[in-house]
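Written out below as structure tokens is the structure these notes cover.
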Amino acid sequence: MLTFPWIPSMRVDRRSLLKLAAAAAVPGAWTARPQARALARDPFALGVASAPSARGIVLWTRIVPDLAEEIARLSHPDLDRYLTARREELQRPAPLYDVRWEVAQDEAFTQVVRRGTARAVPELAHSVHVELGDLRPARWYWYRFLLGDAVSPPGRTRTPEAPDAARAPLRFALASCQHYEHGHFGAYAHMRADDPEVVLFVGDYIYEGGPNTRRFRPHPFPSARTLFDYRLRHALYRCDPDLQKMHAHCPWLVTWDDHEVSNDYARDTGEDPHVDGHARRLAAYQAYYEHLPLPVATLIERFSHVRLYRTQHAGALASFIVLDDRQYRDRQPCQPDGRGGSTVVDDAACPQRRDPKRTLLGREQLMWLGQQLAQSKARWNFIVQQTLFSPLNREHGGARYWTDGWDGYPAERERVLAALDAARPRNPVFLGGDVHANWVCDVKRDFDDPHAPAIAAEFCGTSITSASGWDAARTARVAADNPHVRYADSERRGYLLGDVEKKRLHARLRVVDDVRKAEPAIATLAEFEVADGRGGVRRA
Ligand code: FE
Ligand code: CA
């Protein structure tokens, strides 16, 4: 039995935490209901996806038995009809599906090496999570799902390296912040051509907000609050062909940020502290699980706690230490009366910001992170998290900080730096997103000392589509005021491509010309290198 001191009523029994997930895989564990006779034309309309896991790989799909209905709701702008559909869905008896799956060594599926059946239940939106631990390491495999006469599109996935293998190079893509209403996901078509082995997605997979007809790609849905709303929002995003194809192209290692639930939320408090805190978070977490290839072990106590922080090893070459900075954090400091969420505060006017008792990761996760850093034998140690880790003073000659990122929790940042300093893992590199801009930094043990050597590198990557709101002049001004910043650009959208070699990390900032184009052009904005054993970043 594990206890979590910051959630007083929470006790987690590992047996019960896996029950729900296991039930989805074991026939007869749920009340039997007749299999639906008539299927929609394409029950696999939301595509397929996969992820690496500690055991091997996770394969995902979601059966959409009534896609015609779902699409009608997706495209119908009438709020009354939407709310009626929401009520009806909650009362409608839904069928079970026994979905067959196959894993093959070739794209034509002539050499199938594993096959089986998984039960898709309405309680989990007919999502399917198949976790396989006994495939050969470091191999590409193809997988697909079958239901009745329907066959899913094939997905390609890759099993993790054997623990001692140090194969290089390893290519990853880093992405975040795909606001559907801000543009097309054409960056993913270029990412696919760049052919990474794994996509690291660090948050804002969906945006929960309500309709805004002035936006470039508007949708009709009200701000997501319920499980129905979040399921629909994920389905809307997953109907995007570029996103779907990128999921089918290679495994994704994901974590979330705020908009998977609500803007700037902290544990159970959103911007408006009176809106559905706990229930809303649970609904959002459940829909997130249902739409992404998360390992079944992430599922704890029916979504009141989802264990998202985890380490994914890529042999002896690299470890990806994935953090969750939303679920356990204290509220942002110096919030205006009656409001949650973030502000920009003056350092002197907000001593609460520096209160050492305030936490971002939660005590348990922070201890775990320290252990991961100390135990790691990997040559490259990526700390895969949501937002800009390095401080960013926004006022020339002053000290003003945005409170939603690590700048809202400087004592926690200090604890992470101390843990890094004590553990001295080889080549630590912070990866992040959230701020809709590229920030490339030297991470210092003491950021106030301009002569301090870098102890880590940081690449905070730009958004897939989400707008930044900062112009080039402001970005350049703030970058100049923060000497550990080596490069900054807020005007371009795209992703980061990382080639992990034994002796260096080579990073390219890949940017599209215009997110309003369905097929944008791509360019490399800047290239950087982190040399083995050197800590900081060098422009290549
Ligand atoms: Fe975002
Ligand atoms: Ca965010």
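The values are calculated or read from the model by the stated rules, or taken from the named source; none is laboratory data. Everything numeric here is computed off the predicted structure, so don't read it as measured data. Positions of Cβ are generated from backbone atoms using ideal geometry, with glycine treated the same way; all protein chains shown enter the neighbour counts. The protein model used for the area step is the full one, side chains on, heavy atoms only, and it has no ligands, DNA or RNA in it. Shrake-Rupley method; radii C 1.70, N 1.55, O 1.52, S 1.80 Å.
A few notes on this one:
- A simple rule links phi to the HN-Hα coupling: the Karplus curve 6.51 cos²θ - 1.76 cosθ + 1.60 with θ = phi - 60°, which for region 162-178 gives 5, x, 8, 5, 10, 4, 9, x, 10, 9, 10, 10, 10, 9, 6, 6, 9 Hz, with x for Gly and Pro.
- Taking only the alpha carbons of the chain, we obtain Rg and Dmax values of 22.5, 71 Å in that order.
- Pairs exceeding 30 Å between alpha-carbon atoms, taken from K245/K444; K245/K377; K444/K503; K377/K444: K245/K444; K245/K377.
- Each eigenvalue of the Cα gyration tensor of region 444-540, multiplied by 5 and square-rooted, gives one semi-axis; in descending order these are 26, 19, 9 Å.
- Amide H within-cut-off set for T359, under 5 Å, with H built and near neighbours excluded: D330
- The orientation-averaged projection of the convex hull spanning the C-alpha atoms of region 122-196 amounts to 8.4 square nanometres.
- Extension gain, A162 to A452: 0.36 nm times the residue separation minus the Cα-Cα distance gives 100.7 nm.
- Average accessible area per residue (Å²) across region 334-486 - probe 1.4 Å, nucleic acids and ligands excluded: 40
- For region 230-237, 3J(HN,Hα) computed residue by residue from phi via the Karplus equation (6.51, -1.76, 1.60; θ = phi - 60°) reads 5, 4, 5, 5, 4, 4, 4, 5 Hz, glycine and proline entered as x.
- Nonlocal amide H pairs with A399, under 5 Å, H built at 1.01 Å: D347
- Here the Karplus relation 6.51 cos²θ - 1.76 cosθ + 1.60, evaluated at θ = phi - 60°, turns the backbone of region 405-413 into coupling constants of x, 4, 5, x, 9, x, 5, 5, 4 Hz, with x for every Gly and Pro.
- DSSP assigns beta bridges within region 398-469; of those with both partners inside it, close to 60 percent run antiparallel.
- 5 angstrom amide H check on A318, placed H, neighbours 5+ away: R379, W380
- For peptides 440-447, 128-135, 419-426, sequence by mean Cβ density within 10 Å, most packed first: 440-447, 128-135, 419-426
- Reciprocal mean inverse distance between Cα atoms of region 340-496 - Kirkwood radius, Å: 16.2
- Between N482 and W140, the contour length at 0.36 nm per residue exceeds the alpha carbon distance by 118.8 nm.
- The stretch between A349 and L525, if pulled fully straight at 0.36 nm per residue, gains 59.5 nm over its current Cα-Cα span.
- Solvent-accessible area assigned to carbon and sulfur over the chain amounts to 50 percent, based on a 1.4 Å probe.
- Region 243-282 gives an Rg/Rh value of 1.19, both radii derived from C-alpha positions and Rh following Kirkwood.
- Relative to one another, the C-alpha centroids of region 329-354 and region 212-246 are positioned 31 Å apart.
- Rounded to 5, percent antiparallel among DSSP beta bridges of the chain: 80
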